[in-house]
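> If you scroll down you'll find the structure; I have some questions about it.
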Amino acid sequence: SAAGALLATSQTKGAAMSGVWSADGSRLLISSGKTAALTVVLYDASTYAPITTLPDLWRLAELAPSGAFIVAIKRGDPTATLWGSDGTLRQTMRQSELVGQISISPQSDKVIFGLLDGNAAVWGVPEGNLIRVLGGHGTRVADITITRDGSRAYCLNDRGEVKAWELTTYKQIGQ
């Protein structure tokens with residue numbers, strides 16, 4: 001959708017494809033290929049002409065709601081990369097553990113990585129600095145939702161348990 005939400009995901013005979021719009025609807029990020037070996041292409045949504053294609057193959061990629069950058073990770077690598085919409089590498093963000101989930105705040109100023117060790121790592125953008133690790137999820141952080149105003153994050157683990165976090169104090173506010 002134009003709100004930056006995942007439009008659709010399909011998987012056929014080992015191939016996968018997903019698309020994510022920028023919040024203003026001007027850009028569309030398409031990830032396609034075999035699971036854990038995706039080609040990532042950013043398109044101009046008005047002409048559907050490619051703006052940039054990320055080099056290499058990726059396991060997971062997410063477009064910032066602003067459309068200004070892409071965060072991508074490779075299979076088996078705890079380092080996330082932040083790419084400008086022009087395809088230039090801007091930052092690398094090395095995690096303490098492998099990443100299972102990426103969520104970018106609606107303001108495009110924070111990236112939260114759901115880690116396989118049960119933590120969630122909050123990074124500042126564009127600085128590329130680790131702000132805080134939100135711990136104690138018990139198992140892999142399987143999904144992360146950030147509120148529209150960017151004030152809270154909700155992290156879901158593999159057991160279906162949700163923890164709520166305040167993103168200015170980084171304190172847990174609910175479970």
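The values are calculated or read from the model by the stated rules, or taken from the named source; none is laboratory data. Owing to the predicted nature of the structure, the values given are computational and were not obtained by experimental measurement. Side chains are part of the model used for accessible areas, which takes the heavy atoms of the whole protein and leaves out ligands, DNA and RNA. Shrake-Rupley method; radii C 1.70, N 1.55, O 1.52, S 1.80 Å.
> Rounded to the nearest percent, how much of the accessible area of the chain (1.4 Å probe, protein heavy atoms only) is carbon and sulfur?
Working: 4320 of 8360 Å².
Roughly 52 percent of what the probe reaches on the chain is carbon or sulfur.
> To continue, here is another question. Hey, which aspartates and glutamates would be in cross-link range of K34, C-alpha to C-alpha under 15 Å, not counting anything within fewer than 8 residues on its own chain?
Qualifying aspartates and glutamates at Cα under 15 Å: D56.
> I would also like to ask the following. Specify the residue with the greatest mean-square fluctuation among E62, E97, E161, computed from a Gaussian network of the chain linking alpha-carbon atoms under 10 Å apart.
E161
> Pull up all non-local amide H partners of R59: gap of 5 or more, or a different chain, and H-to-H distance under 5 Å with H placed in the peptide plane.
Answer set, sorted by chain and number: L38, I73, K74, R75.
> Further, regarding this structure: If amide H atoms are built 1.01 Å from N in the plane of the peptide, which residues on other chains or at least 5 residues away come under 5 Å of the amide H of Q91?
Correct list: L82.
> Before I look further, what does the chain give for accessible area per residue, probe 1.4 Å, in whole square angstrom?
Working: 8360 Å² over 175 residues.
About 48 Å² of surface per residue is accessible.
> Under 18 Å Cα to Cα from K110, which aspartates and glutamates show up? Leave out anything in the same chain fewer than 8 places away.
E62, E127, D143, D149, E166
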